Structures are given as structure tokens and as C-alpha cells.
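Coordinate-derived values only; no laboratory data. The shown structure was predicted, so the numbers you read here are calculated from the model rather than taken from an experiment. So basically every Cβ, Gly included, is an ideal-geometry build from the backbone, and we count neighbours across all protein chains shown.
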Amino acid sequence: MRCMALDPATPGRLRAETRPDPRPGPGQVLLRVCACAVCRTDLHVVDGELPDPKPGVIPGHEIVGRVVEVGPGATRFGPGTRVGVPWLGFACGVCRYCARGQENLCESARFTGYQLDGGYAELVVADERFCFALPNAYGDTEAAPLLCAGLIGYRALRMAGEGARRIGLYGFGAAAHIIAQVARWEGREIYAFTRPGDAAAQEFARSLGAVWAGPSDAPGPEPLDAAILFAPVGALVPVALRAVDRGGIVVCAGIHMSDIPSFPYEILWHERVVRSVANLTRRDGEEFLALAPKVPVRTTVETLPLGQAEQALTRLRAGQVEGALVLVP
């Protein structure tokens, strides 16, 4: 199979490879990849900001594929079935975190495109227990961003609290453009904060129902009930704390963020909260994938061939993407 893998000789780069076709083990399915969306977490893996990836790992964890072979004991999906593969690729099921419904915190968890080979490839193997059935309402490329941008955005929105009416989204990329639609459907007001001068992103946010869009270095027009930070910029944490009202919640939705600068206790006081989102659970996926067609969520995607994975990451790093980029083998 063809794939784009982390180049161990050149940090921060991918290289095109041809590898033997993988085979499914017990409880696994072999998928022919139809589409794999490009996520900022892929950048963190490639750029070395997440420690100890699998040597030569194939990135990609927003995978839509069709089953071509099942391993021993695998019974959930038959050949030809379309499924989605997310970031969480394995959890032990028995530790104290898994036992209380927090498999996203499992100390033995393994992640697709990081410790497990992912979807920047023609074929991928996945544990069938951690795959999702996908709504028929979405084509392959439209479904791919739902599997991380959508799932993490959904978990972050839930952590912002059901009572949060005015929500600020810092960084209006793949996740924000999906979850803004869910929030509007729920009757909330969206305030979009983008890189200063990014008029295109601000207009994109307004087109998806944001009541206001402006630069992240300036306050919004109204105090917020909650803020969700999709941009991996630690300096935005005190900015968001100043933007939320008393009792407000600031949710850091990324897996990696630059250092948070010190800030005065005054902006945390009045029961403001800062919290992080870590990975996702299968329940998040089941809930969100059932909800998305009801909204209905519409993903904005641009497709690129598999061989342009590095160019896709470069564009994402530079913020030159509206919606999501999707690789198609």
C-alpha cells in the first residue's frame, strides 16, 4: 500500500512510502481508506510536540473507510461496511478511569495516527470496538471531519455547560465551524475570535451564524458565559478569562497548547473555571454522530490527494484553510 509516514531521518517531515498491506488481528478490521481529514493534532505529532510517537508512524485519525477483511473474532462490521476511525484507538476497559466511564483518560490508551498507524494511507487496521457506524447523510469526505473536529468540538461544547448562552470560539477552524452549527441549533449565540486581520475567517464565522466575529486580541461586544479555545495558544487563556462573565467557563479543547502566561487571580475569581478536554469517549462519538444529521451539520471541506499530505499540513500550520482539508487516496 501507499502511505505518507513520519520521516525518522528528518524531524517535522513526512515521506511517501510503499509498505506491505497490513492484516487484521483478533478483533480488528482492515479498511480501505476512502478519506482522512487533516487535524491540528497531526501537526503536533509531525512537529514533535507530542512525545514518543510510534517510529515512522502513519498520521491521520479522522478516517472514513470500508471494511475489506475482518480478523478472528471480529463480528461488528462485515466486508463492505463503511465505518469511521477516530483518535481513540484503544482503551483497556478495566482501569479505574474506564470503570467510571472515563476511557478517554485510560492510562493504557493508544491513539490512531500517533501510537497506531493512521489514515494517511490506502489501508488501515483498527480495533472494531473503537470504530463508528457513520450516518448515511454524509459522503466520505464530508464525514471525515466529524470524527475529531466534530467529536472534540462536541465534548468541549458539553463542558461549556448547558446554561451557557453566549459562547466565544477562539480559533475558527475545522472544529469551530462544526460546533458553531450545533450551538446555533441549540439556541446559543456564537462569538468568533480569529487571528487579527483574518477577515476571511471572520466572514466564514458570520456565514455560519456567529452574531459577532472579530480579532482575538480585542474584547467582544458582550460578556461571555463560556469560551472554547481551539487555537493552541496559551496566551489566549487569560484573554478568555477576561472575556467571560462571573461563573464563566474557559474550555481548552486542544491536546497541546503553548505555555499559559501568569495572570492575576482577579480574572479567575468569581467562580470562573479553566478546564481542558482530553481525547474523547465512544459515547461522545455515538451521541454526536446521531445528532449531526438532525442539525444538520454541514462540513466545509477541500479535498487533496494523499501525496499532498505535507502541503496540507503546511497550509494548516499557516492558517490557510477554510473548514477542513481531507486527503483522498
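Semi-axes of the equivalent ellipsoid for region 151-276, computed as √(5λ) from the eigenvalues of its C-alpha gyration tensor and ordered from largest down, come to 20, 16, 14 Å.
Rg and Dmax of region 78-211, both derived from C-alpha coordinates alone, stand at 17.2, 49 Å. Just how large is the dipole of the chain about the Cα centre, in debye to the nearest 20, putting +1 at every Lys and Arg Cβ and -1 at every Asp and Glu Cβ? Approximately 460 debye in magnitude. Per the Cα gyration tensor, region 2-154 maps to an equivalent ellipsoid with semi-axes of 22, 20, 16 Å, ordered largest to smallest.
What whole number of Å gives the distance from the Cα centroid of region 235-275 to the Cα centroid of region 161-230? One Cα centre to the other: 16 Å.
When Trp212, Trp87 are arranged by Cβ crowding within 10 Å, least crowded first, meaning fewest neighbours, the order is Trp212, Trp87. Only DSSP H runs of four or more residues enter the estimate; each adds -39500 (n - 2.57), and after division by the residues of the chain the mean residue ellipticity at 222 nm equals -6000 deg cm²/dmol.
Note on the chain: Cα-only Rg and Dmax are 19.3, 58 Å.
In a simple Cβ point-charge model (Lys, Arg +1; Asp, Glu -1; nothing else charged), region 151-276 has a dipole of about 240 debye relative to its Cα centre. The H on the amide N of Val57, modeled in the peptide plane, is under 5 Å from the matching H of Leu6, each at least 5 residues off or on a different chain.
Shown for Glu271, Glu62: other C-beta atoms within 10 Å of each C-beta, ranked fewest to most, produce the order Glu271, Glu62.
Taking the fewest neighbouring Cβ atoms within 10 Å as the starting point, the ordered list for Val70, Val38, Val211 is Val211, Val70, Val38.
The alpha carbon convex hull volume per residue for region 240-328 rounds to 168 Å³. Using amide H atoms built 1.01 Å from N in the peptide plane, name the residues 5+ places from Val273, or on other chains, whose amide H lies under 5 Å from its own. Counting only residues 5 or more places away or on other chains, the set is Gly248, Ile249, Val250. Which of the GluC sites (Glu not before Pro) found in region 139-220 are loop residues per DSSP with 11 or fewer other Cβ atoms within 10 Å of their Cβ? Of the GluC sites (Glu not before Pro), the ones in loops of region 139-220 whose Cβ has at most 11 other Cβ atoms within 10 Å are Glu162.
A cut-off of 5 Å between modelled amide H atoms, ignoring neighbours fewer than 5 places along the same chain, links Ala324 with Thr300, Val301, Glu302.
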